[in-house]
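The values are calculated or read from the model by the stated rules, or taken from the named source; none is laboratory data. What you see is a predicted model, and the numbers here were worked out from it, not measured in a lab. Positions of Cβ are generated from backbone atoms using ideal geometry, with glycine treated the same way; all protein chains shown enter the neighbour counts. Accessible surface is based on the protein model in full, side chains and every heavy atom, while ligands, DNA and RNA are left aside. Shrake-Rupley method; radii C 1.70, N 1.55, O 1.52, S 1.80 Å.
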Amino acid sequence: MRATLTLSKTIATVVLFALPLAAQQSKPAAAPAKPAAAQAPAASQPIALRGGKLITVSKGVIENGVLVMDGGKITAVGPAASVTIPRNARVIDVKGMTVYPGLIDSRTQLGLTEIGAVDMSNDLAEPSDQIMPHMLVEDAFHAETELIPVTRMNGITNAVVTPSARNTLPGQMSFIQLAGKDRDEMLLLRSFAMPLNFTGAQRRRDGTPRYPSTRMGMATQLRQTFFDAQDYANKWAEYEKKNAEAKDDKKPSPPKRDLRYDALLPYLQGKKPVVLTAAEPSDIKVAMQLAREFKLKVILGEITYAHKMLDEIAASKFPVIVGEIYSAPRSGERYDSVYSLPAELHKRGVKFAFASYDSHNARNLPYEAGYAVAFGLPWEEAMKAVTLNAAEIWGVADQFGSLDVGKTANVVVANGDPLELKTDVKQVFINGREVPMTSRQTQLRDAYQAR
Amino acid sequence: MSLVRAFISRACLTALLCATALAQMSQPPAPVDTVIKGGTILTVTHGTIENGSILIRNGKIAEVGKTVNAPANAKVIDATGKFVMPGIIDSHSHTALNGDVNEVTGPVGPHLLMQDAFDYTDRNIYHALAGGVTTSMLLHGSANMIGGQAAVIKHKFGLDRDDMLFPNAPRSIKFASGENPKRVYGGRNQAPATRMGNFTVQRAALQEAREYMREWDAYDEKVKKGDKEAKPPKRDLKQEALADVLRGKVHVQIHCYRADEFLTEIAMAKEFGYKIRAFHHALEVYKVAEKVAEAGVAIATFTDWWGYKIEAWDAIPWNPVISMRKGVRVAIKSDSNDYNRRLNQEAAKAIRYGGATEEEALKMITLNAAWVLGVEDRVGSIDVGKDADLVIWDRHPLSSYAKVEKSIIDGHVYFDRALEGYGLPFWKGGPMTGGGGFGSDDEYREVR
């Protein structure tokens, strides 16, 4: 194992050296304005789901409803009596079924991992440095992973893919669709957000300690990095100004491009959100302080043990990617202190979404939301926290998160309450098309059951 | 008083306080006639009784039915609108072992007793109790081909150590094969580094124990015949433990994943003449379920955990139900301080994946799990004569929304959600030990 690890490090180093040469000429990439799904090809024939219980999320529940999908979009939603089904539509009877928007998992490593213990099947985070904002999920995303069909069969149609929390800044996230012809169709938003992890797990303590081996080191390194990036931005601004003013024969030479700082700048300028991820109140406070100092656009992550600072979190107005709520309570706490966190956030008006923080069992996302209901979260809010809230937090609510006309037709048909363990998902539609309800696991099941 | 002396006296005081805190474990309570009234009773063995009652006497279930003959002075627990099920049994746990799950200094350690590592103040016992677990089997880890002997506990959190041990529970021993022993010993360039090595190490150990057993049998024979000169062989704890396995005195619990490993283990058990009680993890049993059923081996498995290593790559969530339909006795277990807080949810997934009935799903975390431990005649269902280990839920326990209201062991409420603070009537305060770790054989969860 050790030998393999060293080898993989060597390869990574070579690639790192090779990259800047190719990238040197290009300017920092601007944030993509629209998810790529807008350009995806449409299904040819409208599909109408008739007679189901529509859980719209945005406008309540419609018993005996009709939903029409066409061209990859939802084109009609309403009570059966009031929706006219297009003449050429394929009508699917979904009487007795629930119909709801595809679920969004707000933090997974889908596409970055295949088999946990097999290093070569994992691309989770670069271990050689903490400050890795220029590592891009889209460069590693394995569209053909066996994990995606397994996950989407439970009604999860979109996810935020995030490098592992090994580094304070492990790289930038992608927003994906869990079906598509290839990676380009599935990566809807690339490098659209970035985690900043401050949980203690980032301290470099394995083997000989390296900087930063403490939280002091982590925070100081982040501050220095942000100042350096601002410096870098100033140099470029100065150059652009001089360059614009200079005569053709006296053009100044540009500063050296730095991929790290180029990657960081949109975040330091508040153009893209940083997901401040911390579990303990003391860590959350440090992360929030950093965010204030550098005027970051903040989404909070985890906040597992924040029970005693929830008012402060509510006052900050930062949205939260909560979880996972199955984390064990700390010493001195009641058994349900973490289970009840979503309900407490809701009471204080905090906008939050759930995340599996998992890959192989990202499929259990709806059950996490269900368990929060057991511990006091209203069911409607739990549904929102796996759909519309997530879409709003990630800035894609115009296309995802509810059954509304004009949105991408990511729609799930199941035989019951989406958050109930016993409920079986019968059909998933992504971009208005039926996704095959098969996975490597169903193939194994069918092969051996028949023997 | 000098500073030093002040410090010393404070240290003494702290030590004294700690000692007092430890000494303050509750005494086992005296039995009280108790009647649980008005709940939906999920007996697991004889269906559901709507609006039923259970009479508890001397810590046992004395009556169960639509009505019971409760004495007027019986303590009443009103379960109107609630659901009552047998206490959940976790047939594979490493909780409360104080970080000492694996003795990794040698692949054969049958003489180790998990009881010696059992930390009875570990808060993970409480967390599981609050999730409805009343009994757990604490197993050695999977680093060794032959690991130590299990401790079986009741989650009477707040009582003293010895009062938490399941009285007269059959002995169980943990065997393991596959990747974990390969990784641990292969990583040091020792055997076993392959599955060939796995089973050769196991076979060699059993062979040695067989010889040891024969020496003792010969000695016993001589003594029986009145040979006063007979000299006893040297007593060897390791060989003695394995000889007990060969004599059928210890339940053999085997951690393994792959279809071929089940067949190898079944063949080796036949070769040496012992019985395997259960395969643990057992993620590929669906591939050879008939043979596992024929060998009379149960499984203690996960529902949907998969992909954390190669031998878990062919895991499918339909494994429990496919195996059950082909005749295998199936238990669902936690192997973790995470899942043991919500085993009801893991069982409910057997309905979603494969269509188990509610009773079948419940059996996987109660009666079938009790069988794995060998205590199925004493716990695991709501039947007259069994220990009054019961869980009262606010709704059907196989729902995402279900919460435990009360966990009852031997007729006494050990967890009550309605109580302030921890909800623990027998915990006298003081520090709880234990960390939040995953506590598993297979700590392969990705760093998120």
Handout entry: Highest average packing first - B:209-216, B:291-298, Cβ atoms within 10 Å
Key = B:291-298, B:209-216
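Below 8 Å between Cα atoms, with a sequence gap of 6+, how large is the relative contact order for region A:270-396 in percent? List each step's numbers first, then the result.
On the way: 204 pairs, mean separation 25.0, N = 127.
Reported relative contact order: 20 percent.
For region A:405-451, what D do you get in µm² per second when you plug the Kirkwood radius from alpha-carbon pairs into Stokes-Einstein at 4 °C and 1.567 mPa s? Please list the in-between numbers first.
Details: Rh = 12.5 Å.
My calculation gives 103 µm²/s for D.
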Exercise for the section: Pick out, from B:Val133, B:Trp306, A:Val405, the residue whose Cα sits farthest towards the positive end of the charge dipole of the protein assembly as shown, with +1 on the Cβ of Lys and Arg and -1 on the Cβ of Asp and Glu. Expected result: A:Val405
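Let me know the mean shielding of A:112-118 by other chains, meaning the per-residue number of their Cβ atoms within 10 Å of its Cβ.
Numbers: counts 1, 3, 2, 9, 12, 10, 6.
Shielding by partners across A:112-118 averages 6.
How much mean residue ellipticity at 222 nm does chain A get from its helices, if each DSSP H run of length 4 or more adds -39500 (n - 2.57) and you divide by all residues, to the nearest 500 deg cm²/dmol? Kindly include the intermediate steps, with their values, before the conclusion.
Numbers: 12 runs with 133 residues, N = 451.
Calculated at 222 nm, the ellipticity per residue is -9000 deg cm²/dmol.
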Handout entry: For B:Arg395, net neighbour charge (Lys/Arg +1, Asp/Glu -1) across residues whose Cβ lies under 12 Å away
Key = -1
Exercise for the section: Past 25 Å, Cα to Cα, is the threshold; run B:Lys349/B:Lys406; B:Lys309/B:Lys349; B:Lys182/B:Lys287; A:Lys59/B:Lys349 against it and keep the listed order. Expected result: A:Lys59/B:Lys349
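Using the crude model of +1 on Lys and Arg Cβ and -1 on Asp and Glu Cβ, and no other charge, please compute the dipole size for region A:104-398 relative to its Cα centre, in debye to 20. Mind dumping the intermediate values first?
Details: 36 positive and 39 negative charges, 214 e Å.
Its charge dipole is roughly 1020 debye.
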Practice task
Give the relative contact order (percent, whole number) for chain B; include only Cα pairs under 8 Å separated by 6+ residues.
Solution key: 20 percent
Exercise for the section: Count, for each residue of A:163-170, the Cβ atoms from other chains sitting within 10 Å of its Cβ, then give me the mean as a whole number. Expected result: 2
Exercise for the section: Rounded to the nearest 10 degrees, what's the angle between the helix A:259-268 long axis and the longest principal axis of chain A, both from Cα atoms, 0 to 90? Expected result: 60 degrees
Handout entry: Distance from region B:157-229 to region A:403-450 (C-alpha centre basis), Å
Key = 47 Å
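In percent, how large is the relative contact order of chain A, given Cα pairs closer than 8 Å and 6 or more residues apart?
On the way: 941 pairs, mean separation 83.4, N = 451.
18 percent.
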Exercise for the section: State to the nearest 20 debye the size of the charge dipole of region B:229-268 about its Cα centre, where the only charges are +1 on K and R beta carbons and -1 on D and E beta carbons. Expected result: 220 debye
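Just to be sure I understand: if I project the alpha-carbon convex hull of region A:295-451 onto a plane and average over all orientations, what area do I get in nm²?
Numbers: hull surface 47.9 nm².
Mean projected area of the Cα convex hull: 12.0 nm².
Could you tell me which trypsin sites (Lys or Arg not before Pro) in region A:252-316 are loop residues by DSSP with no more than 15 other beta carbons within 10 angstrom of their beta carbon? Let's see the in-between values first.
Details: sites: A:Lys256, A:Arg257, A:Arg260, A:Lys271, A:Lys285, A:Arg292, A:Lys295, A:Lys297, A:Lys308; in loops: A:Lys256, A:Arg257, A:Lys271, A:Lys295.
Those satisfying the criteria are A:Lys256, A:Lys271, A:Lys295.
If you wrap a convex hull around the alpha carbons of region A:104-398, what volume per residue comes out, as a whole number of Å³? Before the final figure, lay out the partial values.
Details: hull volume 47.7 nm³, N = 295.
Taking the convex hull of the Cα positions in region A:104-398, it is 162 Å³ per residue.
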Handout entry: aspartates and glutamates with Cα under 20 Å of A:Lys181, excluding same-chain neighbours fewer than 8 positions away
Key = A:Asp70, A:Glu114, A:Glu138, A:Asp139, A:Glu144, A:Glu146, A:Glu434
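Can you give the local net charge around B:Asn98? Use residues other than it whose beta-carbon is closer than 14 angstrom to its beta-carbon, Lys and Arg +1, Asp and Glu -1.
Details: positive: B:Arg123, B:Arg161; negative: B:Asp100, B:Glu103, B:Asp116, B:Asp119, B:Asp122.
That works out to -3.
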Practice task
Would you list which aspartates and glutamates come within 14 Å of A:Lys251, measuring only between C-alpha atoms, while excluding same-chain residues fewer than 8 positions from it?
Solution key: A:Glu238, A:Glu240
Fill in the blank from the handout: Computed from every Cα-Cα pair in the protein assembly as shown, P(r) in 10 Å bins starting at 0 and rounded to whole percents is 2, 11, 19, 23, 21, 13, 6, 3, 1, 0, 0, 0
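I want the antiparallel fraction of DSSP beta bridges within the protein assembly as shown, as a percent rounded to 5. Write out the running numbers ahead of the final one.
On the way: 64 of 126 bridges.
Here the antiparallel bridges make up roughly 50 percent for the protein assembly as shown.
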Completion exercise
Counting only DSSP beta bridges with both partners in chain B, the antiparallel fraction in percent, to the nearest 5, comes to 50 percent
Problem - Average partner coverage of B:320-330, which counts Cβ from other chains inside 10 Å - result: 1
Completion exercise
Counting only protein heavy atoms and leaving out ligands, DNA and RNA, the solvent-accessible surface of A:Arg223 at a 1.4 Å probe, in Å² to the nearest 10, equals 60 Å²
Practice task
Write down the percent of antiparallel bridges among all DSSP beta bridges whose residues are both part of region A:104-398, to the nearest 5.
Solution key: 25 percent
Handout entry: Distance from region A:108-157 to region B:265-282 (C-alpha centre basis), Å
Key = 38 Å
Exercise for the section: Highest first, please rank the peptides B:47-54, B:340-347 by the mean number of other Cβ atoms sitting within 10 Å of their residues. Expected result: B:340-347, B:47-54
Practice task
Hey, can you grab everything whose amide H is under 5 Å from the amide H of A:Ile321? Only 5+ residues off in sequence or another chain; H modelled, so Pro and N-termini drop out.
Solution key: A:Leu300, A:Gly301, A:Glu302, A:Ala353
Fill in the blank from the handout: Here the net charge surrounding B:Pro107, from other residues whose Cβ is less than 14 Å away from its Cβ (Lys, Arg +1; Asp, Glu -1), is +4
Exercise for the section: Using +1 at the Cβ of each Lys and Arg and -1 at the Cβ of each Asp and Glu in the protein assembly as shown, identify which of A:Leu419, B:Met145, B:His396 lies farthest towards the dipole's positive end. Expected result: A:Leu419
Practice task
Filter the cross-link list A:Lys271/A:Lys297; A:Lys351/A:Lys384; A:Lys272/A:Lys295; A:Lys422/B:Lys37; B:Lys225/B:Lys249 down to pairs whose alpha-carbon distance in this structure exceeds 18 Å.
Solution key: A:Lys422/B:Lys37; B:Lys225/B:Lys249
Exercise for the section: As a check on your grasp of the helix formula, calculate [θ] at 222 nm for chain B: sum -39500 (n - 2.57) over DSSP H runs of n ≥ 4, divide by the residue count, round to the nearest 500. Expected result: -8500 deg cm²/dmol
